[in-house]
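A.B. asks: Quick one: this structure, given as structure tokens, is what I'll be asking you about.
The values are calculated or read from the model by the stated rules, or taken from the named source; none is laboratory data. Computed from a prediction, not measured in an experiment: that's the story for all the values here. Quick reminder, even Gly has a Cβ in these numbers, built from the backbone with ideal geometry, and neighbours come from all protein chains shown.
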Amino acid sequence: MSALGVLLRKELHATFTSPIAYAVGTVFLLITGYTFSLTLFLTKVANLTYMFHQMYVLLVLLVPVLTMRAFAEERRADTLELLLTAPVREVWIVLAKFGATLTLVVGLLALSGSYAMVLGLYGEPDWAPVYGGYVALVLLACLLIALGMLTSSLTDNQVWQRPWHSASPSCCGSLTPPPICSQLLAISSL
């Protein structure tokens, strides 16, 4: 097995044995299930538009919880130096952490796909917006995971990572807040 495969398996094990992953999954599925049943019974229209809006907001709020431990936990446990001195490339470490978190989020989105199947069984939904909505959610998850991993790599404390990640999309139209931008510029000049 390649080094990337071993790292990915390690990160998947760490992700799926963490109680945070199950707590986030439970919150995500309970809120989306409630939203689905409420909008279906109130509007009586076979459409997932409200669901996608709800899932966008939930991803923005819950993905930072999943990514805040990516590098900050390794640094806190003093295993980051060991991992970086191992005979693996740094990009594989980042890709393994990214892949493990993306696997969890895509799994949650796949479970929420049961709502679309219910609409397909009992109604005639337009499938193009459903497919487009799920593609958009996966792309949003990729963006949020990348931002979360960036902020996790720049902060030593997991608690500080959450406010930085949440504030980043609203900061002057850029994707990162000014303190992180100055750190990035300092890193890139090395």
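A.B. asks: For region 41-56, give me the residue count where each residue is without any contact (Cβ under 8 Å) to a residue 12 or more places away in the chain, surrounded by 12 or more Cβ atoms within 10 Å (Cβ to Cβ) and either in contact with a Phe, Trp or Tyr (Cβ under 8 Å, 6 or more places away or on another chain) or assigned to a helix (DSSP H, G or I) (or both).
C.D. replies: So the answer is 1.
A.B. asks: Within region 1-40, track down each residue that is under 15 Å from LEU109 (Cβ atoms) and in contact (Cβ under 8 Å) with a residue 40 or more places away in the chain.
C.D. replies: ALA21, VAL24, GLY25, PHE28, LEU29, THR32, GLY33, PHE36
A.B. asks: Considering THR101, THR32, THR85, which residue is over 12 Å from the mean Cα position of the chain (by Cα) and modelled with pLDDT of 90 or more?
C.D. replies: THR32
A.B. asks: Still on this structure, I have one more. Taking LEU82 and the conditions (1) within 16 Å of LEU7 (Cβ to Cβ); (2) not in a helix (DSSP H, G or I), which numbered condition does it fall short on, given that it satisfies the others?
C.D. replies: Unmet for LEU82, out of (1) within 16 Å of LEU7 (Cβ to Cβ); (2) not in a helix (DSSP H, G or I): (2).
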